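Participant: Sharing a structure here in structure tokens format.
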Amino acid sequence: INTEFDELRPTISADGNLLFFIRQNHPFNTKYNVVPNSQDIWFSERDSSGNWSEAVHLGDPLNTTEYNAVFWISPDNNRILIRNAFIDGDYFGNGVSMCYLTKYGNWSKPQMLQIKNYQKYDRGSQYGASMASDGQTLLLYMCEKEGGFNNDLYVSFLLKDGTWSEPKSLGKKINLPKYNEMTPYLASDGVTLYFSSDRPGGLGDNDIWQTKRLDDTWQKWSDPVNLGSPINTPEWDAFFTLDAGGEYAYMTTNESTYGASDIVRIKLLEREKPNPVLLVSGN
């Protein structure tokens with residue numbers, strides 16, 4: 001999985017056997033010769049012995065001449081949410097798109113999610129997303145300031161007409177002024193949220209924090225808790241994700257790596273795990 005190149009943003013399937021990630025600046029990447037820091041989707045599969053296959057470049061139509069990433073895999077492995085907005089496979093701009101596994105075993109052309117007033121919120125230098133396991137709740141990070149670097153976390157819901165609601169901030173306890181909240185991940189309990197932030201109380205650069213949703217407003221949260229060492233390091237830690245069982249976390253770290261960043265797997269302690277049962281449901 002890890003090489004002398006940067007490996008970023010692991011996205012693990014619910015069964016823990018399919019891993020998508022970004023590999024940066026590899027010669028096989030679609031725009032390697034055109035733009036510095038090219039980012040393409042690669043994947044690996046785990047066999048019955050627990051060994052990961054040699055990573056494979058995903059190719060067309062999902063690796064384009066833009067920056068590419070997988071944000072989410074559906075629990076049945078038949079859908080993936082990817083970076084960028086596409087219309088019938090043609091690049092449209094910032095946003096997120098869904099792809100479906102066809103009967104031939106390949107991925108359909110990406111189709112953008114229609115999110116109300118999305119451009120109003122995504123005006124910064126970074127953006128990203130993840131989705132709850134129900135496929136109806138979208139978590140986003142982006143910055144409303146033109147060219148800004150300090151992202152906030154938002155939620156959007158699938159509506160009856162197939163479009164998505166206007167992004168709603170997760171509130172003041174999560175989104176601190178002048179700090180960067182990013183890479184949200186909602187565990188399969190629908191309650192436990194993990195995210196990366198450079199807020200006070202961390203070990204250095206961005207750290208992974210955990211909070212729990214207290215009601216259906218998506219505004220009330222428990223006080224975010226820093227997951228501490230060894231999950232967090234003095235370096236940049238982000239892109240935290242879990243398999244459905246909540247036993248193992250996958251994330252990106254810059255600490256003691258082959259390249260500038262690597263993907264690591266961590267067995268969680270009980271206090272770091274999500275709730276074992278669903279306590280809150282609905283929107």
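The values are calculated or read from the model by the stated rules, or taken from the named source; none is laboratory data. What you see is a predicted model; the values in this text were computed from it and never measured. Quick note on the areas: whole protein, heavy atoms, side chains included, nothing else; ligands and nucleic acids left out. Shrake-Rupley method; radii C 1.70, N 1.55, O 1.52, S 1.80 Å.
Participant: Take the chain, drop everything but the C-alpha atoms, weight them equally and run the Debye formula without solvent; then report log10 I(q)/I(0) at 0.07, 0.10 Å⁻¹ to two decimals.
Facilitator: Log10 I(q)/I(0), no solvent term: -0.23, -0.48.
Participant: Would you please report the Å³ per residue occupied by the convex hull of the alpha carbon atoms in region 165-283? The partial results should precede the final answer.
Facilitator: Working: hull volume 13.7 nm³, N = 119.
Normalising the Cα hull of region 165-283 by residue number yields 115 Å³.
Participant: Just to check I understand the Karplus step: with θ = phi - 60° and J = 6.51 cos²θ - 1.76 cosθ + 1.60, what whole-Hz values come out for region 217-230, glycine and proline as x?
Facilitator: 7, 6, 10, 10, 9, 5, 4, x, 10, 6, 6, x, 7, x
Participant: Hey, how many Å between the Cα centroid of region 89-110 and the Cα centroid of region 1-24?
Facilitator: 19 Å
Participant: Quick one: compute a quarter of the convex hull surface over the Cα atoms of region 89-128 and quote it in nm². Show your work: numbers first, answer last.
Facilitator: Values: hull surface 13.9 nm².
The directionally averaged projection comes out at 3.5 nm².
Participant: Keeping the other protein chains in place, figure out the carbon and sulfur percent of the accessible area of the chain, with a 1.4 Å probe. Mind showing how you got there, number by number?
Facilitator: Working: 6530 of 12980 Å².
Reported share for carbon and sulfur atoms: 50 percent.
Participant: For region 1-143, what is one quarter of the convex hull surface built on the Cα atoms, given in nm²?
Facilitator: Working: hull surface 36.3 nm².
Hull-based average projected area comes out at 9.1 nm².
Participant: For the chain, what is the accessible area per residue in Å², given a 1.4 Å probe and the full set of protein chains?
Facilitator: Values: 12980 Å² over 283 residues.
Ligands and nucleic acids excluded, the result is 46 Å² per residue.
Participant: Counting only residues 5 or more places away or on other chains, whose amide H sits under 5 Å from the amide H of Asn151 once H atoms are built in the peptide plane?
Facilitator: Excluding prolines and chain starts, which carry no amide H, the hits are Glu181.
Participant: Same structure again: Under Stokes-Einstein, with the Kirkwood radius over Cα pairs standing in for Rh, what whole-number D in µm²/s applies to region 97-234 at 37 °C and 0.692 mPa s?
Facilitator: Details: Rh = 15.9 Å.
Rounded to a whole number, D works out at 206 µm²/s.
Participant: Using just the helices of the chain, give the 222 nm mean residue ellipticity in deg cm²/dmol: DSSP H runs with n ≥ 4 each add -39,500 (n - 2.57), and the total is spread over all residues, rounded to 500. Don't skip to the end; give the middle numbers.
Facilitator: Values: 1 runs with 4 residues, N = 283.
Estimated from H runs of four or more residues: 0 deg cm²/dmol.
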